[in-house]
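The values are calculated or read from the model by the stated rules, or taken from the named source; none is laboratory data. Values in this document were obtained by computation on a predicted structure and should not be read as measured data. Glycine gets a Cβ as well: all are built from the backbone with ideal geometry, and neighbour counts include every protein chain shown. For the accessible areas, the whole protein counts, side chains as well, though only heavy atoms, and no ligand, DNA or RNA atoms are used. Shrake-Rupley method; radii C 1.70, N 1.55, O 1.52, S 1.80 Å.
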Amino acid sequence: MDKALIEARAAADRGEVPVGAVIVAPDGRIVASAGNRTRELNDPTAHAEILALRAACAEAGSERLPDHDLYVTLEPCAMCAAALAAARIRRIYYGAADPKSGGVAHGARVFTHKQAHHVPEVYDGIAGQEAADLLKAFFAARRDPRE
């Protein structure tokens, strides 16, 4: 999760919502890491998880990563959760909960839906306070002080 937090801080430095993700191979190597780049790439799908998935799948030469684990600083949204299910990610470890836009424990709850093709193991709250504090600071710095 430390590397995911580094990616999240780098995203914040670029003016992106501070979310970072890493994908770890069965041997413990980090095979992909990314931070949000939606604004930079003008791409609403350029979430940290999606970018890391793309890189890990390219490295593996496969669209599926059944023995790989994802570490991400924020609960994945419904789009990312669906992509993680499609990739057959083994485990998801996430930091901060996302009651507004989450798709795992909140909102769509993608993995509990009867149409979910794959249900990874999910572990929440990993460095959750640090991830939440990073997000809060990012958004507080952008609020209009008159509000």
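For the reader, a short list of remarks on this structure follows.
- Scanning region 110-147 for residues that are under 20 Å from A12 (Cα atoms) and open to solvent by 100 Å² or more (accessible area, probe 1.4 Å) yields Q129, K136, R142, R143, P145.
- Here is the figure for region 18-45: residues that are assigned to a loop (DSSP other than H, G, I, E, B) and surrounded by fewer than 20 Cβ atoms within 10 Å (Cβ to Cβ) total 10.
- As a summary of the residue check, Y94 satisfies the conditions (1) closer than 15 Å to I23 by Cβ; (2) among the hydroxyl-bearing types (S, T, Y); (3) loosely packed, with under 15 Cβ neighbours inside 10 Å except for the one numbered (3).
- Scanning region 70-91 for residues that are part of a strand (DSSP E or B) and open to solvent by less than 10 Å² (accessible area, probe 1.4 Å) yields a total of 3.
- Failed condition for A12, given (1) open to solvent by less than 40 Å² (accessible area, probe 1.4 Å); (2) within 14 Å of the chain's Cα centre (by Cα): (2)
- Close pairs from region 23-46: first in contact (Cβ under 8 Å) with a residue 12 or more places away in the chain, partner open to solvent by 90 Å² or more (accessible area, probe 1.4 Å) and of a type in the set (D, E, K, R), Cβ under 7 Å, at least 6 apart: V31/E59; A32/E59
- Scanning region 97-109 for any residue that is crowded, with 23+ Cβ neighbours inside 10 Å, farther than 14 Å from V17 by Cα and within 15 Å of the chain's Cα centre (by Cα) turns up at least one such residue.
- Qualifying residue in region 46-56 (condition: outside any helix (DSSP H, G or I), farther than 18 Å from A10 by Cα and in contact with a helix residue (DSSP H, G or I) (Cβ under 9 Å, 6 or more places away or on another chain)): no
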